[in-house]
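This report refers to the structure that appears directly beneath it.
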Amino acid sequence: MDEKKDVTVCSGCKAELTVSEMMEYLCVCPHCGKHLKISARRRVKSIVDPGSFRKLKCEVPFLNPLDYPGYEEKISSLKEKTGLEEGVLFGIGEIEGRQAVIAVMSSDFLMGSMGIAVGEMITTAFETADRQGLPVIIFAASGGARMQEGILSLMQMAKTSAAVKRFSEHGGLYIACLTHPTTGGVSASFATLADITLAEPGALIGFAGPRVIEQTIGQKLPQGFQHAEYLEEHGFVDQIVERKDMREVLSRILKLHDRQKKEKKNLLDYLRIGRK
Amino acid sequence: MIKELDEKLMAIRTEVYDLLENNGDPHRINELKKEYLTLAKTERVHTPEERLYLARHKLRPKVDEYINTIFDDFFCQRGDRLGKEDESIYGGVALFRGIPVTVLGHRKGHNLQENMKYNFGMPGPEGYRKALRMMKQAEKFGRPVITFIDTPGAYPGLEAEANGQSNAISENLAEMSALKVPIIAFVTGEGSSGGALAIGVANRVYMLENAVYSVLSPEGFATILWKDSTRSGEACDLMKLTAQDLFGYGVIDGIIKEPVCGAHHDPVKVYEEIDRILMKELKRYRAMSAEDIAKERYKKFRNIDAKVWKR
């Protein structure tokens, strides 16, 4: 029994992966390359400079606007299980010395669904970055709006999108990485409003889920429909980036967007050198 | 129960109109009127499921009727300028009491044939892009934007996904949040999911008394949470999707009263009320700067957090 617990079966090729393999390959199957689920905490660790991440807090009191039976118990047990306050882990970290606000959605938390708390955390991430003049990096993973909070969940789509717009108007850089799955109310709000959109290989990305579409059109969907590769082909993703390369790619994008002061200085240095 | 009352009242109404037109027996007309009033008195407060029934009623006023009665000189605008015209969004430029406005909404048909043509009021990305094009143009010319929301949701289909349904909706949310002209929205029928919100990020949102507005259709809600779409009645009771619920949350700004048994029994009353609201609101926004109008809207949605909900 105990032995079995230590083994993860790859959902792609059914290979059995040990804990150390999972650690070493960042939860990517070394046999077939399938990107398996990685916890929010491990995700942060995989991209930031060691010890540089400071978690940001955002106090959102628990609400059960629909009086949904068992909702409060469900949330408390998830908090305990994941060690997260809600569906987003966010804070300020450094990637090769460059600071950014980093927010990672956790699909362990009711499928990463967006209710009031998640909406508030994402909005706070943008507001914090706006105040401090930092870029925002978001790892999206969500089934969409959180049904259990009804219309207030829907309104979080407007709230987060408005926050991105304001941040963007002030010149902020926003990088989104769409991971498996990014659908519904999250894909139709802040997740698709980035300056640079990355995606993980094989991630399911779309508005309506495949099952709903199949029911609507009454036929099977083509192979690979709504996968990251399909989106890239249709012009909705800049690049598909493997997990092992993510830190390097993010670092390069940040470098390309270093704030103007530095650029000006570089340009002056260049001109001075040129004059010599 | 509501269905029965609705049909009975409608039958009497039709008969009265018929008699009036053909110089019928005045005694019979009086009798019918009395019967109508007695029946109307039996109306109880509707359950959420009954309201959903009324919100989806095939005779309920549709966007073209609102536009034709409340506005003058309507000029219809078509196409997203990216390669497609999506008829599930209907709109253009019109005059409201002499003031040019941009007016648009989800388009449902009056019969099956029309509904097929308008895709039952379920836009694809092209529809949302067309709406945004109209709204940006309104901003350019300083025209207020008025939207009518009535959709089962954004269309879930292969082509819609391939053309970027998510992106089209998110783009509308972001752009509307910062638009420099006032936006006033009316939820007239059903407002479901991001498909409704994509033309609903407004300074002021009004809802008809029997309209519903929710994160997803009750059928979708039941499917996601219980994997059983037939439990939509139960979902209705749970979802808090009525105008009264939303007003309590502060998500909407006002409720428009409907005639007994729904707007389709006396639409003129509803048109008049919308006319009155528009007059009041547009007057208010005339005195505000473009920046303040955008700021007001931003604040409205920014503040939908844990505080809005108090019992």
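The values are calculated or read from the model by the stated rules, or taken from the named source; none is laboratory data. This one's a predicted model, so the numbers in the text were calculated from it and none came from an experiment. A quick note on method: Cβ atoms are made from the backbone with ideal geometry, for glycine too, and the neighbour counts reach across all protein chains shown. Each accessible area value is taken on the protein alone, full model and side chains, heavy atoms only, with ligands, DNA and RNA left out. Shrake-Rupley method; radii C 1.70, N 1.55, O 1.52, S 1.80 Å.
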Hits in the stretch B:201-234 (condition: at the interface with chain A (Cβ under 8 Å from one of its Cβ atoms) and under 20 Å from residue B:88 (Cβ atoms)): B:201, B:213, B:214, B:216, B:220
Hey, residue B:169 within 14 Å of chain A (Cβ to nearest Cβ) and hydrophobic (A, V, I, L, M, F, W, C) or not: yes
Flag for residue A:69 being within 14 Å of chain B (Cβ to nearest Cβ) and free of Cβ contacts under 8 Å to residues at least 60 places away in the same chain: yes
Selection from the stretch B:262-311 of residues that are within 20 Å of residue B:245 (Cα to Cα) and within 14 Å of chain A (Cβ to nearest Cβ): B:300, B:301, B:302, B:303, B:304, B:305, B:306, B:307, B:308, B:309, B:310, B:311
Those helices (runs of 4 or more DSSP H) lying entirely in the stretch A:122-222 with at least 1 residues at pLDDT below 95 and open to solvent by 20 Å² or more (accessible area, probe 1.4 Å): A:210-217
Every residue from the stretch B:1-55 that is within 25 Å of residue B:230 (Cβ to Cβ) and surrounded by 16 or more Cβ atoms within 10 Å (Cβ to Cβ): B:2, B:5, B:6, B:46, B:48, B:49, B:50, B:51, B:52, B:53, B:54, B:55
Filtered residues of the stretch A:122-149 (kept if within 14 Å of another protein chain (Cβ to nearest Cβ) and over 20 Å from residue A:170 (Cβ atoms)): A:140, A:142, A:143, A:144, A:145, A:146, A:147, A:148, A:149
Residue in the stretch B:1-14 that is touching a residue at least 24 places away in the same chain (Cβ under 8 Å) and not in a helix (DSSP H, G or I) present: yes
All strands (runs of 3 or more DSSP E) inside the stretch B:67-183 with 2 or more residues being surrounded by fewer than 24 Cβ atoms within 10 Å (Cβ to Cβ): B:72-76, B:89-96, B:99-106
Test: residue A:234 is more than 8 Å from chain B (Cβ to nearest Cβ) and farther than 16 Å from residue A:103 by Cβ: no
